[in-house]
Amino acid sequence: MTTPYNVAVIVGSLRKQAFSLRIAHAFAKLAPASLKLNVVTLHDISFFNQDLEASPPADWLAFRALLQASDAVLYVTPEYNRSIPGVLKNAIDVASRPYGKSSLLGKPTGIVSNSPGPLGGVSAAKHLQQILPGISGPIMQQPEIYLNAIGDAFDEAGELTKESLRPVLQQYIDAFAAWIAQQKK
Ligand SMILES: Cc1cc2nc3c(=O)[nH]c(=O)nc-3n(C[C@H](O)[C@H](O)[C@H](O)COP(=O)(O)O)c2cc1C
């Protein structure tokens, strides 16, 4: 068997019980053997400040190194006020520097938004599609996935209980695996 591709799954919410975190863990369980998912939370990433570029904080360097060591990136994010949460934008800003040396460059990228509401965080996903192209790798275009009504999808322990969602997540992660393999050829 060939070595699996390492996927950094970046979670756009800091909330302990975040649906985004639960979805990330569900993907990790459903992923085919060709992928190894590493769920990454953003609690420890300090604010981007261009003044610190000459001597970056250890947490920036660790985050950049983690991304550089990954073969692909998957964002799982909620929508805050019709965009992405500030913590996710901050992490992307940190990853994007130094100028021209973004740690995301060339990494095949997936975007999964979610919301307890009816629109599935589609605006957050669209904003990611706007800001990533210059600093990232190719973004998978199909299947699109905006997970609406996510509020009743998990039990207290964070296990996926909404059976109608399972095949949706499975189809996405299988498609992502196949697409990454294509990109890496
Ligand atoms: C500051 C803030 C802004 C929000 N804005 C939106 C929004 O624009 N669209 C939406 O569908 N939900 C919005 N919500 C509701 C979130 O979708 C909901 O809190 C969700 O559970 C957050 O994701 P998480 O479970 O991954 O933490 C907002 C929540 C907060 C706290």
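All of the numbers you see were taken from the coordinates with simple rules; none came from a lab. Predicted, not measured: the structure shown is a model, and the values here were computed from it. Cβ coordinates were reconstructed from backbone atoms using ideal geometry, including for glycine residues, and neighbour counts include every protein chain displayed.
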Next on the checklist: As a test of the formula, what do you get for the chain when each DSSP H run with n ≥ 4 contributes -39,500 (n - 2.57) and the sum is divided by the residue count, at 222 nm and rounded to the nearest 500 deg cm²/dmol?
Outcome noted: -10500 deg cm²/dmol
Checklist outcome for this item: Relative to the chain, whose Cα atoms define the longest principal axis, helix 122-131 and its Cα axis are tilted in degrees, nearest 10, by 30 degrees
Checklist outcome for this item: If R0 = 30 Å, then Arg15 and Ala181, at their Cβ-Cβ distance, give a FRET efficiency to the nearest 0.05 of 0.35
Item to check | Added length on full extension, which subtracts the Cα-Cα distance from 0.36 nm per residue, Ser46 to Glu159 | outcome: 37.6 nm
Checklist entry - Which length gain, in nm to one decimal place, applies between Ala58 and Asn148 when the Cα-Cα distance is subtracted from 0.36 nm times their residue separation? => result 28.7 nm
Next on the checklist: With just the Cα atoms defining each centre, how far is region 171-185 from region 98-164? Give it in Å.
Outcome noted: 15 Å
Checklist outcome for this item: The lysines whose Cα lies under 16 Å from the Cα of Lys101, excluding any fewer than 8 residues away in the same chain, are none
Checklist entry - Using the Cα gyration tensor of region 119-185, with a ≥ b ≥ c the square roots of its eigenvalues, what is the shape: rounded (a/c below 1.5), prolate (a/b larger than b/c) or oblate (neither)? => result oblate
Checklist entry - Under the definition of Cα pairs under 8 Å and six or more residues apart, what whole-number percent is the relative contact order of the chain? => result 23 percent
Item to check | Net charge dipole size for region 112-172 [Lys, Arg +1 and Asp, Glu -1 on Cβ; Debye, nearest 20] | outcome: 320 debye
Checklist entry - Can you list residues whose amide H is under 5 Å from Lys36's amide H, if they're 5+ apart or on another chain and H is modeled 1.01 Å from N? => result Tyr5, Asn6, Val7
Checklist entry - Once label points are set 7 Å from the Cα along Cα→Cβ at both Gln170 and Lys101, what is their separation, rounded to one decimal in nm? => result 4.4 nm
Item to check | Net charge, Arg64 excluded, C-beta distance under 14 Å - Lys, Arg +1, Asp, Glu -1 | outcome: -1
Checklist entry - Past the 20 Å Cα-Cα mark, which pairs from Lys107/Lys185; Lys16/Lys126; Lys89/Lys126; Lys36/Lys107; Lys126/Lys185; Lys107/Lys184? => result Lys16/Lys126; Lys126/Lys185
